[in-house]
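Data block below; observations after.
The values are calculated or read from the model by the stated rules, or taken from the named source; none is laboratory data. All values derive from a computational prediction rather than experimental measurement. All Cβ positions, glycine included, derive from the backbone under ideal geometry; neighbour counts span all protein chains shown. Protein only, heavy atoms only, side chains kept; ligands, DNA and RNA dropped before computing areas. Shrake-Rupley method; radii C 1.70, N 1.55, O 1.52, S 1.80 Å.
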Amino acid sequence: MGIAAPFSGAALPTGEQVEFGALKAIDDLNAAGGVLGEQIVATSVDDACNGEQAAVAARQLVAEGVSFVVGHACSSGSIAGGPIYAEEEIVMISPASTNPLVTDSGLGNVFRVIGRDDDQGAIAGDFLAERFKDDNIAILHDQSAYGQGLAEITKNRLNANGVTETLFQTYEPELVGYDDLVDALVQSEIDVIYVGGYQADAGIIIRQAKGALPNITLISGDALASEDFPIIAGDAGLGAYFTFGPDARETPAAEAVVTAFRNDEGFEPSGYTLYSYAAVQAWAQAVEKAGTTEGADIARALLEQEFDTVLGTISFDSKGDVVGLTSFIWNQITEDGYEPAE
């Protein structure tokens, strides 16, 4: 099994969640006898949340003869890797890629256990229009497939609600500071920023922005579902809103796994951790139902069956998008991490 995720760069915390979730699921499966009587062996590759590196990582996994890939985490990686796996009939299940193009490509081997940005962006655009229509709104993005796609969908939905943002601007990811960007926010007297991008950059941006605009509000997407964002942002991140699924740690199906993560692994399974665990569960059950590890047969089983996972009972539609979950709700950063927003 391959695990493809960012193990370097601004999205590193996401990669760690994906790897921890997948490895724990593999350990639990192996302890119960493996899949089709065989033990699962995992290999992890770093795609750096970059399309070009993701293509290299995907070819490495193909060369190593993997039967299945958990990943990629970032949408740019999934978009680049999906066709490479398709050529070899290798199933890929992403726990974190939300860009619509991930599954709209119609490859047949690509699935995901998380929602889509056309849903997430619509929710964000409605939220901005409802709560902040009289404020100066800035929509920012990091030019990645995830960040740009989410920001543009949010902007379009905001505009469809009759509200126009004051500023729509890009930023360079993985910088140590964003002085020029903050200057632009100050000059435009921005009250609210929507960030399409990853948690490390968002944390730095809001920390700097709060220094100049103490009352500014941060709103963002699912990448903020990380234990690292509050550390990077500090007190400036408190109260930030972001869209993510209902907290999987609270589902009855995840109780035993969450306890094991905390007690045995010393790891808090926040963010995408349980989504990655669920991706492995769905694949393993599809293998058992198909009676083979052949990709085409597994893909067919994934499309035809339901799967009991730590997220609950799920299935997949004809595109490979997950069915059976509430994709996105509003969450808010607190001193204890994050929780559903009131």
Can you give the extra length, in nm with one decimal, that the chain gains between Q332 and K289 once fully stretched, where that is 0.36 nm per residue apart less the Cα-Cα distance? 11.5 nm
How much length, in nm to one decimal, is gained on full extension between E189 and T164, taken as 0.36 nm per residue of separation minus their Cα-Cα distance? 7.5 nm
Return one number: the angle in degrees, 0 to 90 and rounded to the nearest 10, between the long axis of the Cα atoms of helix 117-131 and the longest principal axis of the Cα atoms of the chain. 30 degrees
State the percentage of accessible surface on the chain attributable to carbon and sulfur atoms; use a 1.4 Å probe and exclude ligands, DNA and RNA. 44 percent
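Tell me the net charge near V322. Cut-off is 13 Å between Cβ atoms, V322 excluded, with +1 for each Lys or Arg and -1 for each Asp or Glu. Walk me through the intermediate numbers first.
On the way: positive: R112, R116, K319; negative: D119, E306, D317, D321.
Net charge in that neighbourhood comes out at -1.
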Explain nothing, just the number: relative contact order of the chain, from Cα pairs under 8 Å at least 6 residues apart, as a whole percent. 19 percent
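In cubic angstrom, how much convex hull volume per residue do the alpha carbon atoms of the range 140-217 span?
Measuring per residue, one finds 79 Å³ for the Cα hull of the range 140-217.
Report relative contact order for the range 58-169 in percent, whole number only (criteria: Cα-Cα under 8 Å, sequence separation at least 6).
Details: 176 pairs, mean separation 25.0, N = 112.
Computed over the range 58-169, the figure is 22 percent.
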So, by mean Cβ neighbours within 10 angstrom, what's the order for 58-65, 332-339 with the highest one leading? 58-65, 332-339
Just to verify a number: FRET efficiency for Q143 and E304, C-beta to C-beta distance, R0 = 35 Å, to 0.05? 0.35
Report, in deg cm²/dmol and to the nearest 500, the calculated mean residue ellipticity at 222 nm for the chain, where each DSSP H run with n ≥ 4 adds -39500 (n - 2.57) and the sum is divided by the residue count. -13000 deg cm²/dmol
Count of lysine pairs in the chain with Cα separation under 25 Å (8 or more residues apart, or interchain): 5
Let me know the Rg and Dmax you get for the range 219-342 when you use only its Cα atoms, in Å. 16.5, 52
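List the relative contact order of the range 279-340 as a percent without decimals, with contacts defined as Cα pairs under 8 Å and 6+ residues apart.
On the way: 64 pairs, mean separation 12.2, N = 62.
So the answer I get is 20 percent.
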Projected onto the charge dipole of the range 218-342 (+1 at Lys/Arg Cβ, -1 at Asp/Glu Cβ, origin at the Cα centre), which of V258, A248, L325 gives the Cα projection farthest towards the positive end? L325
Given charges at beta-carbon only (K, R positive; D, E negative), |dipole| of the chain in Debye: 380 debye
Taking the Cα atoms only, what angle lies between the long axis of helix 51-63 and the longest principal axis of the chain, rounded to 10 degrees? 10 degrees
For helix 199-212, what angle does its Cα long axis make with the longest principal axis of the chain, in degrees from 0 to 90 and rounded to 10? 10 degrees
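Where does the charge balance sit around I193 when Lys and Arg score +1, Asp and Glu -1, over other residues with C-beta under 11 Å from its C-beta?
Working: positive: K210; negative: D135, E165, D191.
Here the count lands on -2.
With +1 on the Cβ of every Lys and Arg and -1 on the Cβ of every Asp and Glu, and nothing else charged, how large is the dipole of the range 226-342 about its Cα centre, in debye rounded to the nearest 20?
Working: 5 positive and 21 negative charges, 80 e Å.
Roughly 380 debye for the range 226-342.
So with the 1.4 Å probe, I'd like the accessible area per residue for the chain, rounded to whole Å². Kindly include the intermediate steps, with their values, before the conclusion.
Numbers: 13360 Å² over 342 residues.
Value for the chain: 39 Å² per residue.
Any idea what the alpha-carbon Rg over 2.2 N^0.38 Å comes to for the range 52-211? Write down the numbers at each step before the final one.
Details: Rg = 17.8 Å, N = 160, 2.2 N^0.38 = 15.1 Å.
Ratio of Rg to 2.2 N^0.38 Å for the range 52-211: 1.18.
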Calc'd 3J(HN,Hα), the range 327-338, phi into Karplus 6.51 cos²θ - 1.76 cosθ + 1.60 (θ = phi - 60°), Hz, glycine/Pro = x, comes to 5, 9, 10, 8, 10, 9, 6, 10, 5, 9, x, 8
